[in-house]
Amino acid sequence: MIRVKMIYFAQTREAAGTKGEEFSLAEQSSVRTALSKAFEAHPKLKPLEKAIKVAVNEEITQEDAPLKEGDRVALLPPVVGG
Amino acid sequence: MDDDAGGTVLFVGTIRNQTNGKEVKGLEYEVYRRMAERQIAKLEKEIRKRWPIKSMRLVHREGKLKVGEVSVVVAVSAVHREEAFEAARYAIDRVKESFPIWKREKLRRGRYAWVKGTPIQNYPASDRSISESQTNPREIVRPRTRSLVEA
């Protein structure tokens, strides 16, 4: 098993009801696996699925990217700075 | 300030009192700080490739801000004004679309509404090699004037 840190912001933070949490996943799990687990744990996240981009260790990543122990997986809703 | 710079463009973004005719009392910013600092370093690297600028600084605030308060500052110096204007314009545009920042408007009766955003844009793959030793994002995002980054 590997442990990854899930991080939520803005709308995903509100939908998840938390700023972050730790997930235990099987070795070789991908970003998609972590997302599925997040949607399962927090059904309110599901409607945001299409709008979310995922960053692993602060780099925007595709859903098939593999995860490793200690990765930070951030669910980023659409952004607007300035 | 660099002695060989002939001009510095300073953009200061402030909180407006309305949006689409709706009264706005203030804004609350949320920032993925760790990622935003990396994005600033990447942005500076990209800008330096495209324009011969001398210096740039970018500061974005987080937390609750009132109408009229400063939310973002971009400063770019260059030998000539053209590249300083272009680079500063480019920098503020990227802040809007490429930075992990979210904001919600404080409306009347204490209600809040998230401002509609766009999916965060990635930087070119060639910039993935950037390391924190090449730049000092902490200095860029946290200048001496602490009040600008502390809500």
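We did not get these values from a lab; they are worked out from the coordinates using the rules stated. Nothing here was measured: the structure is a model prediction, and the numbers come from that model. Note that each Cβ is placed from the backbone with ideal geometry, even for glycine, and that neighbours are counted across all protein chains shown.
Points worth noting:
- Taking 4 °C and 1.567 mPa s as conditions, the stretch B:7-131 diffuses translationally at an estimated 83 µm²/s according to Stokes-Einstein applied to its Kirkwood radius (Cα pairs).
- Averaged over the residues of peptide A:50-61, the number of Cβ atoms from other protein chains lying within 10 Å of each residue's Cβ is 4.
- When the GluC sites (Glu not before Pro) in the stretch A:3-55 are filtered for DSSP coil states and for at most 16 other beta-carbon atoms within 10 Å of their beta-carbon, the remaining sites are A:GLU27.
- Percent breakdown of C-alpha pair distances by 5 Å bin, ordered from the shortest bin, for the protein assembly as shown: 1, 6, 13, 16, 18, 16, 12, 9, 5, 3, 1, 0
- Span from the the stretch B:80-112 Cα centroid across to the the stretch B:14-68 one, whole angstrom: 5 Å
- Label point of B:LYS25 set 7 angstrom out along Cα-Cβ; within the stretch B:90-122, amide nitrogens under 11 Å from it belong to B:106-112.
- Over chain A, Cα pairs under 8 Å with separation of 6+ residues give a relative contact order of 40 percent.
- Solution diffusion estimate, µm²/s, Stokes-Einstein, chain A, Kirkwood Rh from C-alpha pairs, 20 °C, viscosity 1.002 mPa s: 171 µm²/s
- B:LYS64 paired with B:ALA5, simple spin-label distance in nm, labels 7 Å along Cα-to-beta-carbon: 3.5 nm
- The stretch A:18-41 residues near the modelled A:GLU69 label - backbone nitrogen below 13 Å, point 7 Å along Cα→Cβ: A:25, A:27-28
- Averaged over the residues of B:30-37, the number of partner chain Cβ atoms lying within 10 Å of the residue Cβ comes to 5.
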